[in-house]
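Since every read-out is calculated from the coordinates, none of them should be taken as a lab result. It should be emphasised that the depicted structure is a prediction, and the values quoted were computed from it without experimental measurement. Using ideal geometry, Cβ is built from the backbone for each residue, glycine included, and neighbour counts are taken over all protein chains shown.
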Amino acid sequence: MTELVGLIVAKYNFWLYIILMMIGLYAMIAKNNLMKKLVGMNIFQTAIILFYVSIGYKHGATLPIIQGDHGGHGTHGAVIHAAEYINPLPHVLMLTAIVVSVATFGVAMALCVRVYRRYQTLEEDELRIRLSEK
Amino acid sequence: MNHMPAILVLAPLSGAFFSGLAAWIKPSFSYYIALAATLLSGVAATCVLGDVMAAGTVQYRMAGWAPPMGIELRIDSLNAMVLVLISAIAFLNLVASVRSVDREIPDRAPSFYVMYQLFVVGLLGVTATGDLFNLYVLIEITSLTSYTMIALGEEGRSHLAALNYIFIGVIGASFYLLGVGYLYITTGSLNMQDVAVILKQIPGSSSAVLTAFVLCILGVWIKMALFPLHVWLPNAYAFAPVGFARVVAPLMTKVMVYVMVRLMITVFGLDYVFNTLHLADIVVWLGVIAILAGAFMALFQTDLRKMLTYIIVCEIGYMVGGAWLGNTLGMAGAILHILNDALMTFALFLALGNIVYVRKQVAFSNLQGLFATMPWTMAGLVLAALSIIGVPPTCGFFSKWYLVLGAFEAGAYHFAAALIISSLVCAVLFFKVFEICFFEPMATSHGHHDYGGVVMTEAPVSMLVPLGLVSTAIVAAGVYAGTIVNTLILPFLQ
Amino acid sequence: MKFLGFVIVCLTGGLLLYGTMDLPDWGDPASPASTHLSDYYIEHILEETRVPNLVTAVLADYRGYDTMFETAVVFCAGLACFLLLRDFRPKKDRYFRHIPTGVMLHVKNPEIRIIPGNEFEHMDREWVPSDRIIKTVCRILIPFIQIYALYVVAHGDFSPGGGFQGGVIFGSSLILMAISYNLKTLMKRVTEKFLSIFAATGVLIYVGLGVLAMIMGGRFLDYGMLAPLVPWDPGHIRALGMLGVEIGVGIAVMAVMVIIYVNIVSEGRHDEGL
Amino acid sequence: MLWPIDLIVLTFVIFCAVAAITVKDLLGTAILFSAYSFLMCLLWAVMGAVDVAFTEASVGAGVSTVFLVAAVFRTSRRTKD
């Protein structure tokens, strides 16, 4: 029993990201409305970001901003221990990923507006009917 | 210090922003800047190829940081070849597309050229980089620009095709990103060489590494449109504006094949892919299915453009299957086919662009009498078609030869059979087209057939010259196939 | 489709769950991800770059090449919205108010040209009289938001923030202006030409700093080589280089956010919005 | 880190995600999506990723929502699923 609790505590963040990712992926594949698909796409991407942020977390460490006066004027005070600070690299990667996702979101939204202007609907089944009419 | 690897990527990047600014002074400036930028990157790529052949792998450390900390560009003989290919095709297509862009998107041509250069930046960057996450960012640039430019085509349908492509493309890119995440959590590094070194110390049975591999490869397959995942490709490429379809069709899928080869060889290592995992047989079967499905779906098309897009799906099967045969011959054939297929597809789409320019529609019913009215274009089309079918002096024959040899060595007779069947199907397809173009008479406006006094309505010279050059390159790549394999591909594989 | 979607989702979820089995525990300080590169960054960044915010340092210096392309992606999105939505055709139905009398005119003929000025005022189709409270509050708020955005850009080296966040905040202050007043008020202050030149210039500042480092004899983006240009503080040259880069990112992102909003909300006509 | 807070936020995140894709009004989707982004940003802030949380607060909960509302304004609020 304690093993199971230990396993849950050790991994639950990874499992929750998988649940979120499945929700997003399901919305992207199975939803009928294009806007809903877009929202699903964003949920999918944020779930991946949650995964990366979870990678970066370290027990007993603080924000990746060096505290105190470590050599602000060219001299070095106390030595910096790596265990004191959270891993900054996943955060950097995820900043880039957020930017990429918002850029994709904007382009997709512009396309939705264009599709609506042409076909007056955003539902996939209605779009399919409109396309086969011609 | 040798800055050529950086200039290669930076020339079109800064060219893009300068063309955007110059368009406010005079719209035509942006085209000339784009031309100069792609030419410069072509020259840089050729220099890098020279350096690689003379001195081996070229490295360029961005911002001066040593590899695992910073990002490095790492160019060996495989990338160098692909880089030269990309920049040459991008330049030639830019020369060819000035007239068709003026016709198709007259009011926003400068923005088109800006996007075009960013697309080229993405492709060059994907090929040159030595960092896994950088690869993701550049794939996203490539995808974002191609979504946009595909949506510039035919009103309505092209937008839906682009949206469809966005949804599938984002799934693909996100899978790749997840795969990189699993790699990062197990190795702690993002540099390809570094990851490869650390992966050697991790037991091959690790489920995290397996998941990372499957996710990365799945993501790349979605992006390259391997058969069951190909649904976005035909519509996207068929409704895109011609000026863009001509560059995306030969390059996008091939660069993704390159990424797959790079992941297999450099990051995970062939030993892991073929000896630890037992997926190779399944993937070769997937390749076989892709070849046959692509070829047979192409048979049912009644539009030249749609038919060519399904031939692309078929060709992807060749490369994926060949790369997974598990021997040097198959891999060499797959890599050689990246080069050859890019050239052949480019020639086909150039010819297609010329026909579209003159005839507007390319349904089979609109193709009558093309041999008489557009002889030069048709000469190029015939040569490219012969190469797709695999007739000896052209380059298509040699890569198929390597693939078939590899298939026999691996005992994958089904793959060899699929190659031969698809060649036959392609022959049927193209001779059907040529029959219409050659024998069916032109219907004139009077309703009766007019046999005398055919007027030549050939495409402009700026569109014919690139086609001529590429046709020469097809034959040259065929004649020098042995040299290419011996000097560029085999040294890389050893 | 729903069933197929469900199957695909379950397969993917299963694969990922299988993959988590061998992952190191969450938050484990000894996992490979938190030791290999991370240790190097945490222990050496302050010494090498003099920037206490590790994320900014890695973002703008060690992985500056990535960030350059990230800015290019943002630029791409703005250009994409322009390419896809911008509509230069004049609108058929237009509404004007004759200011002295307050009479509304509905003009259907595109040939008739009415120049808005002292006599006529251009109206939106779904015009609602704007609320004085909202206008006043936003008028007071917007300058503070903009100051905060500049602070976020400038202070990115020492605290959370940086060019991207600052740019987004600045852009959203302009979007707030478009919402609380109307779109035309915004477009009078920041024209399309201004925005597009800003978007391209922002990225060019980034690339330009990198190329400058190349001219000074270093690698691309090697800010350390720029030291001779700032003789008064060569020790902090990397921090300064990062600041310059962040300013470029901020400019580009600000412009692009406004471009995307304006094009989506007016369907590319730039006349009326929310 | 306080695990009850973490757990509550996580529950809300999943709740908002499900609600955002099931509610039958697109404007509602936009607002729920904004709430989802904001809770997600809290979660990241708790995990120490302040820069990422800051970006998500300004981008996901801010600008993305505005884009979504603008797009809904130009298209339709109606949806069948």
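Using +1 on the beta carbon of Lys and Arg, -1 on that of Asp and Glu, and nothing else charged, what's the dipole of the protein assembly as shown about the Cα centre, debye to 20?
Details: 56 positive and 60 negative charges, 562 e Å.
The dipole of the protein assembly as shown has a size of about 2700 debye.
Using a 10 Å cut-off around each Cβ of peptide C:230-238, what is the average number of partner chain Cβ atoms that fall inside?
Working: counts 0, 0, 0, 0, 0, 3, 2, 0, 1.
Across the residues of C:230-238, the mean count of other-chain Cβ atoms within 10 Å is 1.
Would you compute, from DSSP H runs of 4+ residues alone, the mean residue ellipticity of chain B at 222 nm, taking -39500 (n - 2.57) per run and dividing by the full residue count, rounded to the nearest 500? The partial results should precede the final answer.
Values: 20 runs with 363 residues, N = 494.
Result for chain B: -25000 deg cm²/dmol, rounded to the nearest 500.
log₁₀ I(q)/I(0) of the stretch B:44-166 at q = 0.10, 0.13 Å⁻¹, via Debye over equal Cα point scatterers, no solvent, to two decimals?
Each listed q maps to, in turn, -0.40, -0.64.
With the contact rule set at Cα under 8 Å and sequence spacing of 6 or more, what percent relative contact order holds for chain B? Can you show the working numbers first?
Numbers: 819 pairs, mean separation 66.9, N = 494.
This gives 14 percent for chain B.
To check my understanding: the extent here is largest minus smallest coordinate of the Cα atoms along each principal axis. What are those three numbers for the stretch B:131-277, in Å, largest first?
54, 25, 21
Cα axis of helix C:163-180 to longest principal axis of chain C: angle in degrees, 0 to 90, nearest 10?
Taking Cα atoms only, the helix is inclined about 20 degrees.
Sum -39500 (n - 2.57) across every DSSP H segment of at least 4 residues in chain C, then divide by the residue count to get the 222 nm mean residue ellipticity, nearest 500. It would help to have the intermediate numbers written out before the result.
Values: 9 runs with 160 residues, N = 274.
Rounded to the nearest 500, it is -19500 deg cm²/dmol.
Listed here are the pairs C:Lys92/D:Lys24; B:Lys223/B:Lys254; B:Lys26/C:Lys188; C:Lys184/D:Lys24; A:Lys36/B:Lys254; which of them are more than 22 Å apart at the Cα?
Values: C:Lys92/D:Lys24 34 Å; B:Lys223/B:Lys254 10 Å; B:Lys26/C:Lys188 24 Å; C:Lys184/D:Lys24 33 Å; A:Lys36/B:Lys254 33 Å.
Beyond 22 Å: C:Lys92/D:Lys24; B:Lys26/C:Lys188; C:Lys184/D:Lys24; A:Lys36/B:Lys254.
For the charge dipole of the stretch B:1-107, defined by +1 on Lys and Arg C-beta atoms and -1 on Asp and Glu C-beta atoms about the Cα centroid, which residue among B:Met4, B:Leu21, B:Met53 has the Cα displaced farthest towards the positive pole?
The listed residue farthest towards the positive side: B:Leu21.
Would you list the P(r) distribution for the stretch D:24-75, with all Cα-Cα distances sorted into 5 Å bins from 0 and each bin expressed as a whole %?
Result, from short to long distances: 5, 25, 26, 18, 12, 8, 4, 1 percent.
Once both labels are modelled 7 Å past Cα along the beta-carbon direction, what's the B:Thr328-B:Ala36 spacing in nm?
Spacing of the two 7 Å Cα→Cβ label points: 4.7 nm.
Looking only at other chains, what is the average number of their beta-carbon atoms within 10 angstrom of each beta-carbon in B:15-23? Working shown, then result.
Numbers: counts 0, 8, 13, 3, 1, 9, 5, 1, 2.
Partner Cβ neighbours, averaged per residue: 5.
R0 = 25 Å: FRET efficiency of C:Ala30 with D:Val9, Cβ-based, nearest 0.05?
Numbers: r = 27 Å, r/R0 = 1.08.
In this case the efficiency is close to 0.40.
Mind listing P(r) for the stretch C:197-274? All alpha-carbon pairs, 5 Å bins, whole percents.
In whole percents, the pair-distance histogram is 3, 17, 18, 16, 13, 10, 7, 6, 6, 5, 0.
Which distance in nm do the two modelled labels at C:Leu141 and B:Lys360 give, with both placed 7 Å along the Cα-to-Cβ direction?
5.3
To the nearest 0.05, how large is the calculated FRET efficiency for B:Arg99 and B:Leu493 if R₀ is 25 Å and r is the Cβ-Cβ distance?
Working: r = 42 Å, r/R0 = 1.69.
Rounded to the nearest 0.05, the efficiency is 0.05.
Quick one: Kirkwood hydrodynamic radius for the stretch B:279-494, alpha-carbon pairs, angstrom, one decimal?
On the way: mean 1/r = 0.0556 Å⁻¹.
About 18.0 Å, per the Kirkwood formula over Cα pairs.
What number does chain A give for Rg over Rh if you use C-alpha atoms and the Kirkwood radius? Walk me through the numbers before you get to the answer.
Details: Rg = 22.4 Å, Rh = 18.6 Å.
Checking Rg against Rh, the ratio lands at 1.20.
Contour minus end-to-end for C:Asn109 and C:Lys91, with contour as 0.36 nm per residue of separation and end-to-end as the Cα-Cα distance?
Contour length minus the Cα-Cα distance gives 5.5 nm.
Taking only Cα atoms, what is the 0 to 90° angle, nearest 10, from helix C:64-85's long axis to the longest principal axis of chain C?
Around 20 degrees separate the two axes.
Considering every Cα-Cα pair within chain B, what fraction, in whole percent, is farther apart than 43 Å?
Values: 14329 of 121771 pairs.
Percentage above 43 Å: 12.
If only Cα atoms are counted, what is the Rg of the stretch B:279-371, and what is its Dmax, in Å?
Over the stretch B:279-371's Cα set, Rg and Dmax evaluate to 15.8, 49 Å.
Take the eigenvalues of the Cα gyration tensor for the stretch C:161-201, scale each by 5, and report the square roots as semi-axes in whole Å, largest first.
Details: eigenvalues 73, 47, 4 Å².
That gives 19, 15, 4 Å for the three semi-axes.
If Lys and Arg each add +1 and Asp and Glu each add -1, what is the summed charge of the other residues whose beta carbon sits under 9 Å from the beta carbon of A:Glu124?
Details: positive: A:Lys31, A:Lys37, A:Arg128; negative: A:Glu123, A:Asp125, A:Glu126.
With Lys, Arg at +1 and Asp, Glu at -1, the neighbours total 0.
Report the percentage of all Cα-Cα pairs in chain C whose separation exceeds 22 Å, rounded to a whole percent. Write out the running numbers ahead of the final one.
Values: 25717 of 37401 pairs.
So the portion of pairs separated by more than 22 Å is 69 percent.
Run the simple label-point estimate for C:Leu176 and C:Lys193 please: 7 Å along Cα→C-beta, distance reported in nm.
Computed distance between label sites C:Leu176 and C:Lys193 equals 3.0 nm.
May I ask you to list, by number, the DSSP H helices of chain A whose Cα span along the axis is at least 15 Å and whose average Kyte-Doolittle hydropathy reaches 0.0 or more?
Within chain A the helices that satisfy the rule are A:2-30, A:34-56, A:89-119.
Determine, for each peptide in A:121-133, A:101-113, B:26-38, C:237-249, the mean count of other beta carbons within 10 angstrom over its residues, then list the peptides with the highest first.
Working: A:121-133: 14.8, A:101-113: 26.5, B:26-38: 19.8, C:237-249: 23.9.
Top to bottom by mean Cβ count within 10 Å: A:101-113, C:237-249, B:26-38, A:121-133.
Please list, short to long, the whole-number percent of alpha-carbon pairs of the stretch C:74-145 in consecutive 5 angstrom bins beginning at zero.
3, 12, 14, 13, 13, 17, 18, 8, 2, 0
State the answer as a single residue: which of B:Met344, A:Met35, C:Phe6 lies farthest towards the positive end of the charge dipole of the protein assembly as shown, with beta carbon charges of +1 for Lys and Arg and -1 for Asp and Glu, about the Cα centre.
The one lying farthest along the dipole's positive direction is A:Met35.
What is the average number of partner chain Cβ atoms found within 10 Å of a Cβ in B:378-387?
Details: counts 0, 0, 0, 0, 0, 0, 0, 0, 0, 0.
Shielding by partners across B:378-387 averages 0.
Semi-axes, largest first, in whole Å: what does sqrt of 5 times each Cα gyration tensor eigenvalue give for the protein assembly as shown? It would help to have the intermediate numbers written out before the result.
On the way: eigenvalues 354, 278, 154 Å².
Taking √(5λ) for each Cα gyration eigenvalue gives 42, 37, 28 Å.
Which residues among the stretch C:48-89 fall inside the zone where the amide N is under 12 Å from a point 7 Å beyond the Cα of C:Tyr40, along Cα→Cβ?
Output list for this probe position: C:62-63.
First measure r as the distance between the Cβ atoms of B:Val465 and A:Glu84, then evaluate 1/(1 + (r/R0)^6) with R0 = 60 Å and state the FRET efficiency to the nearest 0.05. Please list the in-between numbers first.
Numbers: r = 64 Å, r/R0 = 1.07.
Efficiency at R0 = 60 Å is approximately 0.40.
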